[in-house]
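Colleague: Here it is, the structure, as structure tokens.
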Amino acid sequence: MFKRLPGDEARNLVSTTPDTAVVFRPAVLKTPAIVTFVIHGWRFLAALVRTTWRHPVAVAVPVAITATWHYSGWPLAASLSGIVILALISWAFIDRPSFARLVGFRLLAWWRLMSVYRRHWHGVMDVSGLAKRVNGRVYMPRLLRVTCDGWADRITVRMLGGQAVKDWSDRIDNLTQGFGAASCRIALIKGGRLLLTFPRTDPLASPMPALPIPDEPTVGPVEIGKQEDGKPLRLKVHGTHVLIAGATGAGKGSFLWDTIRGLLPAMRAGLAEVWALDPKLMELSFGRELFQGRYAADPADCADLLDEAVTVMQKRATRFAGIQRSHTPTIEDPFVLVLVDEVAFLTAYQPDRQLRQRISAALATLATQGRSVGVGVMAALQDPRKEVMNIRNLFPDKIALRLDESEQVDMVLGDGARDRGALADHISPVPELGAGVAYMRLETSPEPIRVRAAYVSDADIRAMVAYHGQAA
Ligand SMILES: Nc1ncnc2c1ncn2[C@@H]1O[C@H](COP(=O)(O)OP(=O)(O)OP(=O)(O)O)[C@@H](O)[C@H]1O
Ligand SMILES: [Mg+2]
């Protein structure tokens, strides 16, 4: 038998002793006005000291102008203000990057904090369910800091005790819509703090033409496009293996051709070779002269070429054993990149069982032992399911272009990638907007990054063939 008291039920504590049901209602304490006043006064003082400590010049200048006005009159104060404004404008013209870093982005961060994040914080936290109500009290995650650069706003947040990153990553859509951003990325800093990144512009919104062929031969990371923050995208191919997955028309070809383009001077100098497997006959055949006979389209020829790559790898391993543990490309031992377009045609969809097993075994051998002796694999496919590509975990670096289903994202990029913002299933199917756009997850950095590969046209490929034909 419980006796209910009307109203405020959430705060009632009910003893469950039978018969004598007792209802406790905690006394409602009203904070005395003086205490509220002292708390607010203290907060104001703390904010003043903090601001002066963090931005001494920004505080000193208005104080000096006000003091001048007070002691010497407005004409001198106005002249002083004019000098300050002129100095700022000259600084912006003379050294734009330092002006932007020290003044522009700080002002922008303050403006974004006031006009967007602080203004909508409580509403967005409450509606998205990230704020918690316990016994009538609302616990709100704390907005600690906002910084800006030319590309994005970054906000540091303290999660509520007991919250996990997943609680936030499940609400990426709420945060994106709530703060009027185009997307949102979440990364754990430490100590219960998160960094939320809200891009303000999208440098990947329009296609990019092919990048210039590098001047120097290199097998180092090759520049193939742009990252989401506008910085160049450099893809490591030597010393790793790369898996590229994307629905039909997603732009897998761009990643293959951009890589070949970046390696072209090294190929011409004899420091790199690209061996091409093109079972669909549609992609790599266009520039087959570049592969100097190492090109196969028929599945049986592909199997032979893969076996040859395994032999090269094993011979090198025998020679290098006990002498060197990593590979430096030379004319005798060039970097060999085995490019496989539509790898599923050679594995899962190959009707000849023996051939299928031979190809799968060769690919697995290359992917497990090749990288330290300078043999890399870059494979592209449409369907990333394990039944189709059972060795996908052997590729340290992964690229997910537009995918049809959200579950495919983690299949390509690894567990939790979609939760961290790799929304490859949201990439636009309109070629202008989404072809060549991808999320990359590298062995060296588990955070997925959004990128776009430059578009290598047929004319560019013809120019590459001509370049390769010229003497080095
Ligand atoms: N980086 C890019 N930037 C802009 N548009 C691109 C880019 N890459 C490809 N496209 C456009 O998308 C079309 C399809 O590209 P691509 O053939 O590379 O796709 P795919 O993923 O290889 O498809 P499939 O699996 O059918 O072979 C191209 O014809 C081109 O118009
Ligand atoms: Mg293709």
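Colleague: Please specify each residue of the range 237-277 satisfying the condition of being open to solvent by 10 Å² or more (accessible area, probe 1.4 Å), touching a strand residue (DSSP E or B) at 6+ places or on another chain (Cβ under 7 Å) and away from ligand 1 (no atom under 16 Å from the Cβ).
Modeller: His238, Met267, Leu271, Glu273
Colleague: Do you know which residues across the range 124-165 are open to solvent by less than 80 Å² (accessible area, probe 1.4 Å) and among the polar types (S, T, N, Q)?
Modeller: Ser128, Thr147, Thr156, Gln163
Colleague: Among the numbered criteria (1) within 30 Å of Pro431 (Cβ to Cβ); (2) touching a Leu at 6+ places or on another chain (Cβ under 8 Å), which one does Asp173 miss?
Modeller: Failing condition for Asp173: (2).
Colleague: Does Gly434 satisfy the criteria of being more than 24 Å from Val377 (Cα to Cα), in contact with a Pro (Cβ under 7 Å, 6 or more places away or on another chain) and of a type outside the set (D, E, K, R)?
Modeller: When the stated conditions are applied, Gly434 does not pass them.
For every residue, the table says whether it meets (1) modelled with pLDDT under 90; (2) open to solvent by less than 30 Å² (accessible area, probe 1.4 Å).
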| position | (1), (2) |
| --- | --- |
| Arg325 | yes, no |
| Thr330 | no, no |
| Val338 | no, yes |
| Ala344 | no, yes |
| Leu355 | no, yes |
| Val375 | no, yes |
| Met378 | no, yes |
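Colleague: Suppose the filter is open to solvent by less than 50 Å² (accessible area, probe 1.4 Å), more than 16 Å from ligand 2 (Cβ to nearest atom) and either under 17 Å from Met208 (Cα atoms) or modelled with pLDDT under 90 (or both); does Ala459 pass it? Please lay out each step first, then the result.
Modeller: Values: open to solvent by less than 50 Å² (accessible area, probe 1.4 Å): no; more than 16 Å from ligand 2 (Cβ to nearest atom): yes; either under 17 Å from Met208 (Cα atoms) or modelled with pLDDT under 90 (or both): yes.
Spelling it out, it is not the case that Ala459 is open to solvent by less than 50 Å² (accessible area, probe 1.4 Å), more than 16 Å from ligand 2 (Cβ to nearest atom) and either under 17 Å from Met208 (Cα atoms) or modelled with pLDDT under 90 (or both).
Colleague: If you don't mind, another one. Give Arg452, Arg402 a once-over and let me know the one that is crowded, with 17+ Cβ neighbours inside 10 Å, in contact (Cβ under 8 Å) with a residue 12 or more places away in the chain, within 16 Å of ligand 2 (Cβ to nearest atom) and among the charged types (D, E, K, R).
Modeller: Details: Arg452 fails: within 16 Å of ligand 2 (Cβ to nearest atom).
From the options Arg452, Arg402, the qualifying one is Arg402.
Colleague: Looking at Leu337, Leu381, which is the one that is more than 16 Å from ligand 2 (Cβ to nearest atom), of a type in the set (A, V, I, L, M) and within 30 Å of Arg418 (Cβ to Cβ)?
Modeller: Criteria check complete, one pass: Leu337.
Colleague: Take the range 183-203 and flag every residue that is aliphatic (A, V, I, L, M) and either over 13 Å from the mean Cα position of the chain (by Cα) or at pLDDT 90 or above (or both).
Modeller: If the condition is that a residue be aliphatic (A, V, I, L, M) and either over 13 Å from the mean Cα position of the chain (by Cα) or at pLDDT 90 or above (or both), then Leu188, Ile189, Leu194, Leu195, Leu196 are the ones that fit.
Colleague: Is it true that some residue in the range 282-297 is of a type outside the set (Lys, Arg), under 31 Å from the mean Cα position of the chain (by Cα), more than 30 Å from Arg450 (Cβ to Cβ) and open to solvent by 70 Å² or more (accessible area, probe 1.4 Å)?
Modeller: no
Colleague: With Trp121, Trp168 as the choices, which residue is crowded, with 18+ Cβ neighbours inside 10 Å and at pLDDT below 95?
Modeller: Checking each option against the conditions leaves just Trp168.
Colleague: Check whether at least one residue in the range 249-272 is within 16 Å of ligand 2 (Cβ to nearest atom), part of a strand (DSSP E or B) and among the β-branched types (Val, Ile, Thr), and report yes or no.
Modeller: Scanning the range 249-272 turns up no residue that is within 16 Å of ligand 2 (Cβ to nearest atom), part of a strand (DSSP E or B) and among the β-branched types (Val, Ile, Thr).
Colleague: Do you know which residues across the range 202-225 are of a type in the set (D, E, K, R) and closer than 24 Å to Leu337 by Cα?
Modeller: Asp215, Glu216, Glu223, listed by residue number.
Colleague: Looking at the range 318-348 only, could you name the residues that are within 16 Å of ligand 1 (Cβ to nearest atom) and more than 25 Å from Phe291 (Cα to Cα)?
Modeller: Within the range 318-348, Ala348 is the sole residue that qualifies.
The values are calculated or read from the model by the stated rules, or taken from the named source; none is laboratory data. For clarity, every value in this text was computed on a predicted model and none was experimentally measured. Using ideal geometry, Cβ is built from the backbone for each residue, glycine included, and neighbour counts are taken over all protein chains shown. Surface areas here come from the heavy atoms of the whole protein model, side chains and all, with no ligands, DNA or RNA. Shrake-Rupley method; radii C 1.70, N 1.55, O 1.52, S 1.80 Å.
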